[in-house]
Amino acid sequence: MNTYKKIFYISSLLIGSIGLSSCEKMLEIKPEGVLLADEAVTTPEDMQKLLNSCYDALANQYNGTVQLFGDLLSDDIEKPFDGNEFRTEIWSRNTNFFNSDVGGLYGRLYIPVYRVNSMDGFYDKIAGLTEADIKRMKAEGRFIRAICHYEAVKLWAQPYGYTSDNSHPGVPIRDKASQEPIQRSSVAAVYDFVIADLQYAIANLPSTNGNYADVNAAKAVLADVYFNMNKLAECRTLLDEVMAGPYTLSDSIDRFNQNLTGISNEFVFSFISNNANDNRGGQFIDRYRSDTKVPDVGLRKEIYDLITSDTTDIRARLVGVVNEGQANEFFVSKKFNNDYFGSAYITLTKLLLMRAEVAAETGDLSTAVTDINKIIKRAYPGNTAKEATTALGADLLVLIREERRKELFCEGDRTYYMKRLGAFGSSSVKPVTGVTIRSAPWNCPGLALQFPSTEVTSVFILNETGGCN
Amino acid sequence: MKRYLLLIFTLLCSTSMYAQSIRGKITDPTKEPVIGAGVVIEGTNIAAVTDALGNFSIGKLQPNTKYKLKVSMLGFQTIYREVQTNSTDVSVSFTMREDTKQLEDVVVVGYGTKVKREVTGAISKISAKELNDLPVPSFESALQAKLPGVQVTTGSGAAGSASVIRIRGISSISAGGDPLYVIDGIPITQDYFLNGNAGALNNNPLSSINPDDIESIDVLKDAAATAIYGSRGANGVIIVTTKRANKNGTSFSYNGSIGVATATALPNMLNSEQYLQLYQEAHENDGGVGLARLPNNISWDDARKTNTDWVDLTTQTGIKHRHNVSMTYGNKYVSLLANMSYGKDESYLVGNRFDQTAFRINGDYRISKKLKMTSTSSYSNGLNKRVNTAWAGGLGSAMSTALPIFPVYNPDGTYFTGGDNPVRIQELKKWQTVENRFLNGIGVDYNLTDELVLSAKGNYDYMNLVDDQYDPQLLLNSTHIGSATRNSRITKNYNYNLQLNYTYKINASNKLSVMVGHEYQNSLTEGKFKTATNMGNGFYDGEAKVEDSALYTYFSSENSPEQWAFVGYYTRLSYGYNNKIFMDATFRTDGSSRFGANNRYGYFPAAAISWLLTEEEFMKKIPVISTAKARVSYGKSGNANIPNYERFGTYANPNSTPNYNGTGTTFPTRLDNPNLRWETSWTFNTGIDVGLWSDRVTFTLEYYDRRTSDVLMQLAVPPSSGFSSYWDNVGSITNNGVEFSFVTRNIDREFKWTTNFNIARNLNEITSIGKYSEDAVSGGTNDTRVVVGQPVGTNFLVRYSHIDAATGRPVYLDINGVETFNWDPKDRVAVGAVLPDAIGGITNTFSYKNWDMSVLFNFVLGGDIYESSAKRQLGVVTNWNMRTDIFDRWQQPGDNAAFPRLTLETATYGSPTPWINTTMWLHDGTFARLRNLTIGYRIPKAKLQKLKIESARISFIGTNLLTFTKYTGLDPEIARDFENSTDRNMSSNITYLTPPQQKSYNLQVNITF
């Protein structure tokens, strides 16, 4: 074989081998262990799983995380014992945009929103989805999206009523699955968006829906929205409708202290725990639990004294004192001393407190007394002297507000309630003015959490800095 | 078979049958024999190799004939001499002189070698000897200060830590910014984050490379040199060539060293009395009355009775020793090198050491005149006995949350658990990382003709990394006897290439060579995690589990595999004219699995020309200039070092997602970006290599300008979008700079003095980040950001102004420069850069008779150090111990002090949080360091002959002996643990309790038999 032939053959071999190995498929390596976006959601079952993940993502924030934020800003909680810098910063009501706890929650509240919005792209593509399925799924999605925006606007914006037309900045409204930076909408626009979503949910949700959102859940949430907007008539209408439902007040005050394998009849909407490995109260336990460790956060003496001031109040067993009388004395909550539990989003207790207040504000003292006495009778068993009467008149509101604080401490309610009082309390039948929260004005800048730095763009305005003092 | 038997027979019988011969002895200028020198009679195949005494003999010669001998040896000038035979044997002697001609070195270029004379690109080289004189935990740190433009920041003092290497600055932000490492032809696995940063230590993929195996390291810097690596050359290429047998006969050598290691610096923390005094002062400054409540509710009585020196308890003098035995064998057909190494390297951190056992066999097989095979096989076992460092504990705890008022033990002898106790963790926790690595390759060269060579090579890099942790009952305070976890990763990385090399000498003046090739590389990483309770030991002890108990639990899972592949086609056309003008044109195209079909292939051309001016007549009129070569190149290279699947939008698999309400879930986990594409750099380079006075003085001056576009960035997207980040090609970066290096033989007599100096200045600038803000990409938690007009890794901080003399409070500047007590992150500005202004090194080498000494200083000019942990050690008084620097603090109105008044209240510092980043902790990063001092003595041959030893050298080697800096922290050379590639690119020179470098003293012996 001569040299040139050899060169020809070897070169052919080389080129051939190059050609063989250049197949595109050698470079088309797809990830394993996950689904590619275009093949992940193709059946009605996939859609249900995607919707289910929205509940899961939401539950992971209402496991004590969201509630803790509300508590830290409030006058119920002492400076965090564990010195955690981010929680301390929230407690100080002076968050900055590097606070990863704050930024983390903010982002996680929008995760279900993205998922709900992404579902919109699948409805007309998936064979086998019935009209009823679509109607329900869309309604559940709107319900979840509303809750997320509602929670975000309560934490990251000044409250409804801060300005007369509520044109002050709220939070971004995300109604599409998009990564484009957008600006903050006004608080009025956010509330309108939330109301629209909830009204859609009410119109389309089934009357019962297992452990998922049903029409009463949407009505209860919307009632709470109206309550914070001080739209008392709308609130009352919805409350009456929900409370006509199958809910009964639990005999136990230990809403969180039960191994809840089912749903309490008191719960209008909750996130369910099935077992210790499916704990939906993890952050409650991690932060507040006081029987097995020193909790990360504890109570202020003021709330402890309030709850324990009457020896017949059985809610006293939900609080405790450690190192009593010593220099290092501190107060704790016992609400969450258990290994796992579900997390109640909205309960009959809260609805009763709400309707009692709305009724008292609107002159329906009879309903107000009836509702608040259901709470009182459970808290002070056998102590009829504690029960309210219509004779209290406007002072009934004082009692209702106090009972609300005793019932809902460490459930993240207090700050929003106080902000509402700040915004609308002066027009109450029992006017409240100059509302402060732990010595800070209800509308001070620091009571609106700061947005994360990564949200900042040329169109995005941060909250005012400077804290509350 | 017959053929091989004949070969072996020939080898065994290779004795001369002729009496007429030329015998001789070859020595160096110090009269030491030169072993292994080749002696060839020109124009014939008659040759010999000098033996252990430098002797040679060539027989079978004609009497009364004039022969021209050529004597050659790597590193020496070749000698040509005519020898006349007569009727008897002729004896001759030659003295070989060191070859200092800079243009005759062989350097490794991509997929081949060239003599430096013909090189057109910017390539720097370091040899085995220079590596040998610097005992380093990982070979790459031996490059420090040796090569211009190569910045090496050695890893921390923790055993097995990884260095950070930057070649001519950095062109990447989120894609890996490290150079590509190619060892014997394979781009090796170099994932620094296989284990995240557990224990504040990143994985060091280079630690398993045995420094004793390395023959040379070539660093390719400009596009002419790196473009042949196309897609992966943008941040430079480091080519490691391992040793091979290069002479006939058999020889053995032993290298051994023993040494001790300490820290370059240790912190001065407060003792108990000082801590209590200052804590109380802070309490009283804040208006507190009575005694302050101490951290962790420690009583004052107990605190006063305790004074624990945690720094002392967590540090030690580490012992290290290393041994290497090497054997080479060679004959006409086979050359073999076998290398065995064992080393034990204790760091100065108690409980921390890195052991390495390594084997290598490299072979060259000359099967026929046309067929040649090569093989490389290495195995390395690295055992890292781990301890927590930095933020994770250990010495880091001693510098922070382990307070002097905390005891190690309670009065009853049990461990104290009421606060941070690093001794308890160190003594109880068992943690080891074992890496087993095989690097194997085989190659075939077939000469199709004299001019045409076909080469085929295949390589396999197998890495098995197993991380085991065991926490016993006493540490966990558990009911079961202990828990074990194992995290294992196996990476199988292989490549092959086929290549044709054609060399054609057109005529006496024109030479042409063409190389075309194809390469494929594939890497697959799989991993498993398992954990169990009620274990008596870690998983490395198979008998440890106690299953017959309700306390035993077991969980295991497999990580999703990570796989990538590259397909490349490359060609290089080289042309030489009259041995003075050389041109290279290179083109490579690469396809990567990390990009979609629309952007899969990148195209990387480069062209370069060099002109050896001293070959021109007009230059010969200037005799002082012995060498002058000018070079220019321009070309493109790329970077695709990003996570493997970022182009895909993905959903979680319902089989592995959490349930809600007993029902499965699925959800989007990653945003897709099908348009991801290569990050590319165009580089212009020009340089001149000059030798004066017969190359007694040589210097190189280079200028380069690299412009990188489509920079790959992991961008933070607005969290309200439902995601936190995604990858995109955004923005651009420029690097330009100059490099200057020289070598001077200052004295070249019996006493020799050589100076080797290099300095490099790089200007780095981000020229665009698209529509994004500075916070779109951040260097971990280190407050470095991407700022247009500033370098990669810009310190973006609130400016600290001064201490208010009246109140002792710190005063800052707002965004407009107005003084304020309030710290607000919106007032951050670009105030510093982690990249230095200039880097370099100077080595002075002296020798006199059998003695030699080498002194290497490295230096860094400019750049900033951000001492991130100082804000906790010297700021608001918290549950951290403080450094004694805090003695210089404001105490009363009018004080002029280094630090503000002590306080327990963060508001005093104008912030709700105590941990605020300001320029108070930003320092000039300039330093110079006595990196290496070596004093060696070569034992005279005469004294070794009785022992049948060819050569022996004993040396003392000290590393990091002295540091000159104004930096008040521990160590100005900082490579902290990193969270990801972005952090690694942007946050070098930022310290957060980072263990300082190691200072070591070593005694080394090198013996050849």
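I'd like to check something: does segment B:518-528 contain any residue that is within 30 Å of B:THR686 (Cα to Cα) and not in a loop (DSSP other than H, G, I, E, B)? Yes, that holds for at least one residue. Across segment B:747-787, the number of residues qualifying as within 14 Å of chain A (Cβ to nearest Cβ) and assigned to a strand (DSSP E or B) comes to 3. Here B:ILE239 fulfils each of the conditions (1) of a type outside the set (Gly, Ala, Ser); (2) within 31 Å of the chain's Cα centre (by Cα); (3) farther than 30 Å from B:ARG600 by Cβ apart from (3). Per the conditions (1) assigned to a loop (DSSP other than H, G, I, E, B); (2) surrounded by fewer than 16 Cβ atoms within 10 Å (Cβ to Cβ); (3) at pLDDT 90 or above, the sole criterion not satisfied by B:PHE618 is (1). Confirm whether A:ALA440 is within 14 Å of chain B (Cβ to nearest Cβ), under 30 Å from A:GLY320 (Cβ atoms) and of a type in the set (Gly, Ala, Ser). Spelling it out, A:ALA440 is indeed within 14 Å of chain B (Cβ to nearest Cβ), under 30 Å from A:GLY320 (Cβ atoms) and of a type in the set (Gly, Ala, Ser).
In segment B:790-821, the residue that is farthest from B:ALA897 (Cα to Cα) out of those that are small (Gly, Ala, Ser) and in contact (Cβ under 8 Å) with a residue 40 or more places away in the chain is B:GLY793. Restricting attention to segment B:674-685, the residues that are in a strand (DSSP E or B) and either crowded, with 19+ Cβ neighbours inside 10 Å or at the interface with chain A (Cβ under 7 Å from one of its Cβ atoms) (or both) total 5.
Being touching a strand residue (DSSP E or B) at 6+ places or on another chain (Cβ under 8 Å), more than 8 Å from chain B (Cβ to nearest Cβ), in a helix (DSSP H, G or I) and closer than 24 Å to A:ALA213 by Cα is a property that does not hold for A:LEU51. Taken over segment A:56-83, the criterion of being within 14 Å of chain B (Cβ to nearest Cβ) and in a loop (DSSP other than H, G, I, E, B) is satisfied by A:ASN60, A:GLN61, A:TYR62, A:ASN63, A:GLU78, A:LYS79, A:PRO80, A:PHE81, A:ASP82, A:GLY83.
The set of residues from segment A:142-159 being in contact with a Phe, Trp or Tyr (Cβ under 9 Å, 6 or more places away or on another chain) and either small (Gly, Ala, Ser) or more than 22 Å from A:GLY103 (Cα to Cα) (or both) comprises A:ARG142, A:PHE143, A:ALA146, A:ALA152. Looking across B:ASN655, B:ASN736, one residue alone is surrounded by fewer than 23 Cβ atoms within 10 Å (Cβ to Cβ) and either within 14 Å of chain A (Cβ to nearest Cβ) or among the aliphatic types (A, V, I, L, M) (or both). It is B:ASN655. Considering A:PHE86, A:PHE97, the condition of being of a type in the set (A, V, I, L, M, F, W, C), within 11 Å of chain B (Cβ to nearest Cβ) and either under 21 Å from A:ILE173 (Cα atoms) or in a loop (DSSP other than H, G, I, E, B) (or both) is satisfied by A:PHE97 alone. For segment B:581-600, a residue qualifies if it is crowded, with 18+ Cβ neighbours inside 10 Å and within 18 Å of B:GLY517 (Cβ to Cβ), and the qualifying residues are B:ASP584, B:ALA585, B:THR586, B:PHE587, B:ARG588, B:ASP590, B:GLY591, B:SER592.
Residues of segment B:260-303 that are outside any loop (DSSP other than H, G, I, E, B), of a type in the set (D, E, K, R) and modelled with pLDDT under 95: B:ASP301, B:ASP302. Confirm whether B:PHE529 is over 30 Å from B:ASN578 (Cα atoms), within 14 Å of chain A (Cβ to nearest Cβ), more than 31 Å from the chain's Cα centre (by Cα) and hydrophobic (A, V, I, L, M, F, W, C). Here the answer is no, as B:PHE529 does not meet what is asked. Taking B:LEU671 as the residue in question, decide whether it is over 30 Å from A:ASN209 (Cα atoms), within 10 Å of chain A (Cβ to nearest Cβ) and either touching a strand residue (DSSP E or B) at 6+ places or on another chain (Cβ under 8 Å) or crowded, with 21+ Cβ neighbours inside 10 Å (or both). When the stated conditions are applied, B:LEU671 passes them. For segment B:245-259, a residue qualifies if it is surrounded by fewer than 18 Cβ atoms within 10 Å (Cβ to Cβ) and not small (Gly, Ala, Ser), and the qualifying residues are B:ASN246, B:THR250, B:PHE252, B:TYR254, B:ILE258. Here A:GLU140 clears all of (1) surrounded by fewer than 24 Cβ atoms within 10 Å (Cβ to Cβ); (2) more than 8 Å from chain B (Cβ to nearest Cβ); (3) among the acidic types (Asp, Glu) except the condition numbered (1).
Kindly establish whether A:GLY325 is on the phi > 0 side of the Ramachandran plot, surrounded by fewer than 23 Cβ atoms within 10 Å (Cβ to Cβ) and in contact (Cβ under 8 Å) with a residue 40 or more places away in the chain. Criteria not met by A:GLY325.
Just one of the numbered conditions (1) farther than 30 Å from B:VAL876 by Cα; (2) out of contact with any Phe, Trp or Tyr (no Cβ under 6 Å at 6 or more places or on another chain); (3) surrounded by fewer than 23 Cβ atoms within 10 Å (Cβ to Cβ) is not true of B:ASN362: (3). Taken together, B:LYS871, B:LYS948 contain a single residue that is among the charged types (D, E, K, R) and on the phi > 0 side of the Ramachandran plot, which is B:LYS948. Restricting segment B:879-910 to residues that are free of Cβ contacts under 8 Å to residues at least 60 places away in the same chain and within 14 Å of chain A (Cβ to nearest Cβ), the residue that is surrounded by the most Cβ atoms within 10 Å (Cβ to Cβ) is B:THR906. Cβ separations smaller than 6 Å between residues 6+ apart or across chains give the following pairs from segment A:103-122 residues that are within 8 Å of chain B (Cβ to nearest Cβ) to residues that are part of a helix (DSSP H, G or I) and of a type in the set (D, E, K, R): A:VAL113/A:ARG145.
The values are calculated or read from the model by the stated rules, or taken from the named source; none is laboratory data. The structure presented is a predicted model; accordingly, all values stated were derived computationally and were not measured. Glycine gets a Cβ as well: all are built from the backbone with ideal geometry, and neighbour counts include every protein chain shown.
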